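Participant: Once you've had a glance at the structure underneath, I'll fire off some questions.
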Amino acid sequence: MPANQSRGIIVTLDGPAGAGKSSVAKRLARRLGLLYLESGAFYRAVALMADRHQGDLLSSQWLTDFLASFQLRVIPGVDGLRLAVAGKDITTAIREPQVSQGASVVATLRPVRQWVQVRLQQLAEPGGVIAEGRDMGTRVFPEAEVKIFLEASLQVRAHRRWLELQAQGKTLDETTVYQDMALRDQRDRERREDPLRVPAGAHCLDSTAYDLDRVEEICFHLIQPYM
């Protein structure tokens, strides 16, 4: 079945933290020639800059003013988005572990979710994208041709994230990573605004027992008929 005739295909990849969404989505983007979009990068950018401005996220007026003036430069590409504020690249800064918890907090705020949704939809307007996050198939792109929900056990997800951090030279204790991820899961699933859930019509894939190559192949064969 071909994609919407007025635009290219849209693929969504949702799931909890550490399920492997980013790695799989990047691989598929390169393999299929799709634009890779990651909602988490936008939430991380908001969290990072709000913290640098020492803002009060619980103040609706401060948050409204901040988002209205927040000029985030987005440079999309197959390997992911590069983000800059006031001419300074923040792509690396938003990946710091402490920003992850801040991102999960700002992601519970309706004005922030609306701000992110608008920007993602603008970037995806021509289609030809694979978008990964927590609500890509439920809220941002409910009309997507292919929806995939990727999950894995909390223990496996935390271990994978710990290994990633070790490879980056970060020395967090694995128990701390597990606890942080459990807290993020709780926030994602229990938040009032667009909680994490399986999108209607999504293909559910548990990657607990699969390596990255296997997950990529399964997803590729789900998408290929729509290209």
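Derivation of every value follows stated rules applied to the coordinates shown; laboratory data play no part. Keep in mind the model is a prediction, meaning the values are calculated, not measured. Cβ placement follows ideal geometry from the backbone for every residue including glycine, while neighbour counts extend to all protein chains displayed.
Participant: Kindly state, to the nearest 0.05, the FRET efficiency for D89 paired with L163, given R0 = 30 Å and r defined as their beta-carbon distance. Working shown, then result.
Facilitator: Working: r = 26 Å, r/R0 = 0.87.
That gives a FRET efficiency of 0.70.
Participant: How large is the helix-only mean residue ellipticity at 222 nm for the chain, computed as the sum of -39500 (n - 2.57) over DSSP H runs with n ≥ 4, divided by its residue count, in deg cm²/dmol to the nearest 500? Don't skip to the end; give the middle numbers.
Facilitator: Values: 8 runs with 103 residues, N = 227.
Rounded to the nearest 500, the figure is -14500 deg cm²/dmol.
Participant: If you don't mind, another one. Please build a GNM for the chain, connecting alpha carbons under 10 Å apart, and tell me which residue among L172, L123, L67 fluctuates the most.
Facilitator: It is L172.
Participant: Find the relative contact order for the chain and round it to a whole percent, using C-alpha pairs within less than 8 Å whose residues are 6+ positions apart. Write down the numbers at each step before the final one.
Facilitator: On the way: 357 pairs, mean separation 78.0, N = 227.
Reported as a whole number, the value is 34 percent.
Participant: Of the labelled options (i) 71, 53, 31; (ii) 54, 42, 34; (iii) 48, 43, 33, which one gives Cα extents along the principal axes in Å as computed for this structure?
Facilitator: Working out Cα extents along the principal axes in Å from the coordinates points to (iii).
Participant: In whole Å, what is the distance between the alpha-carbon centres of the range 83-156 and the range 1-67?
Facilitator: If you average the Cα positions of each part, the centres end up 2 Å apart.
Participant: Neighbouring Cβ atoms within 10 Å as the yardstick, rank I75, I218, I9 fewest first. Could the numbers behind the result be given before it?
Facilitator: Working: I75 11, I218 16, I9 20.
Starting with the residue having the fewest Cβ neighbours, the order is I75, I218, I9.
Participant: Right, another one. Pull out the extension gain between E217 and Q71, defined as 0.36 nm times the separation in residues minus the alpha carbon to alpha carbon distance; nm, one decimal. Display every interim value, and only then the final one.
Facilitator: Working: separation 146, 0.36 × 146 = 52.56 nm, distance 3.78 nm.
Extra length from E217 to Q71 when fully extended: 48.8 nm.
Participant: Further question on the same structure: Determine the relative contact order of the range 1-69: mean sequence separation of Cα pairs under 8 Å and six or more apart, normalised by residue count, in whole percent. Spell out each step's value before the answer.
Facilitator: Numbers: 21 pairs, mean separation 8.2, N = 69.
Taking the mean separation of contacting Cα pairs over the length of the range 1-69, I get 12 percent.
Participant: Place the peptides 204-216, 177-189 in order of packing, highest mean first, counting for every residue the other Cβ atoms within 10 Å and averaging per peptide.
Facilitator: Values: 204-216: 14.9, 177-189: 17.2.
Those peptides, ordered most packed to least, come out 177-189, 204-216.
Participant: List the residues of the range 139-182 whose backbone N lies under 12 Å from a point placed 7 Å from the Cα of R189 along the Cα-to-Cβ direction.
Facilitator: Answer for this model: 152-155, 182.
Participant: Leaving out same-chain residues fewer than 8 places away, which aspartates and glutamates sit with a Cα under 17 Å from that of K88?
Facilitator: Leaving aside aspartates and glutamates fewer than 8 places away in the same chain, those within reach of K88 are D51, E96.
Participant: Could I ask something else about it? Give the percent of DSSP beta bridges with both residues in the chain that are antiparallel, rounded to the nearest 5. Mind dumping the intermediate values first?
Facilitator: Values: 6 of 23 bridges.
Rounded to the nearest five, the antiparallel share is 25 percent.
Participant: Related question: For the range 154-198, report the translational diffusion coefficient in µm²/s to the nearest whole number, using Stokes-Einstein at 37 °C, 0.692 mPa s, and a Kirkwood Rh over Cα pairs.
Facilitator: Details: Rh = 11.3 Å.
Estimated diffusion coefficient is 290 µm²/s.
Participant: At 0.36 nm per residue, and after removing the present C-alpha to C-alpha distance, how many nm does the segment from D173 to D51 gain when stretched out fully? Don't skip to the answer; put the middle values down first.
Facilitator: Working: separation 122, 0.36 × 122 = 43.92 nm, distance 2.44 nm.
Roughly 41.5 nm would be gained on extension.
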